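Comments concern the structure below.
The values are calculated or read from the model by the stated rules, or taken from the named source; none is laboratory data. Just so we're clear, the structure is a prediction, and the values are computed from it rather than from any experiment. As a convention, Cβ positions derive from the backbone with ideal geometry for all residues, glycine included, and neighbour counts pool all protein chains shown.
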Amino acid sequence: MESFSPLVTILSQNKLTRSNYVDWKRNLDIVLTAEEHKYVLTQPCPSFPSLDAPLEEKQRYDHRQKSNEMAKCYILAFISNVLKHQMQDVELASDIMLSLKEMFGEQGRFTRQETMRQIYNTKMTDGTSVGEHCLKMSSNLNTLEVLGADIDRES
């Protein structure tokens, strides 16, 4: 469990509250990506394999179930007790995240609009390094990605 401590620290220092959904989600994404469980939030859950299904299909299903359980554990461990109680019986980590997004989505919508405004209005100022400017713009784009905004070439 020692190898998990830096990841757990990221979330334990930023437990979900009403006002920090965007930062909490970003940190959760980091942890789930590092642990290779994030895919359960974005990919549909496969149906239970039939008894005569190939062994590889059964193993993929089992692996997905374990990843879902790990993602649920990370999510539930770092939300408030009230939210934990509401979400503890939800089967899929993706459904928990959808519920949390619905609860805190207004904050995300405002943050997304504000971040887009910053991207469109940010100009490099005299005395600022190109590196600093790029980091600021990358941070804004990352925030939009965390909030589910579609960033394409036209954007």
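Observations, loosely collected:
- Listed by first and then second residue, the pairs with beta-carbon distance under 8 Å, at least 6 apart or on different chains, first residue in segment 20-39 and within 12 Å of Asn142 (Cα to Cα), second of a type in the set (D, E, K, R) and outside any loop (DSSP other than H, G, I, E, B), form an empty list.
- Flag if Gln86 is closer than 25 Å to Leu16 by Cα, over 18 Å from the mean Cα position of the chain (by Cα) and surrounded by 11 or more Cβ atoms within 10 Å (Cβ to Cβ): yes
- Taking segment 9-125 and the helices (runs of 4 or more DSSP H) fully enclosed by it, the elements with 3 or more residues that are basic (Lys, Arg) are at 55-77, 93-121.
- Of the residues Pro44, Pro49, the single one that is in contact with a Lys or Arg (Cβ under 6 Å, 6 or more places away or on another chain) and over 20 Å from Met103 (Cβ atoms) is Pro49.
- Per the listing Ala53, Ala71, the residue uniquely small (Gly, Ala, Ser), without any contact (Cβ under 8 Å) to a residue 60 or more places away in the chain, surrounded by 11 or more Cβ atoms within 10 Å (Cβ to Cβ) and over 26 Å from Val31 (Cα atoms) is Ala53.
- Residues considered: Glu114, Glu102, Glu106. Of these, the only one that is of a type in the set (Asp, Glu), exposed (fewer than 11 other Cβ atoms within 10 Å of the Cβ), closer than 21 Å to Asp29 by Cβ and modelled with pLDDT under 80 is Glu106.
- Test: residue in segment 51-62 that is under 30 Å from Thr9 (Cβ atoms) and more than 20 Å from the chain's Cα centre (by Cα): yes
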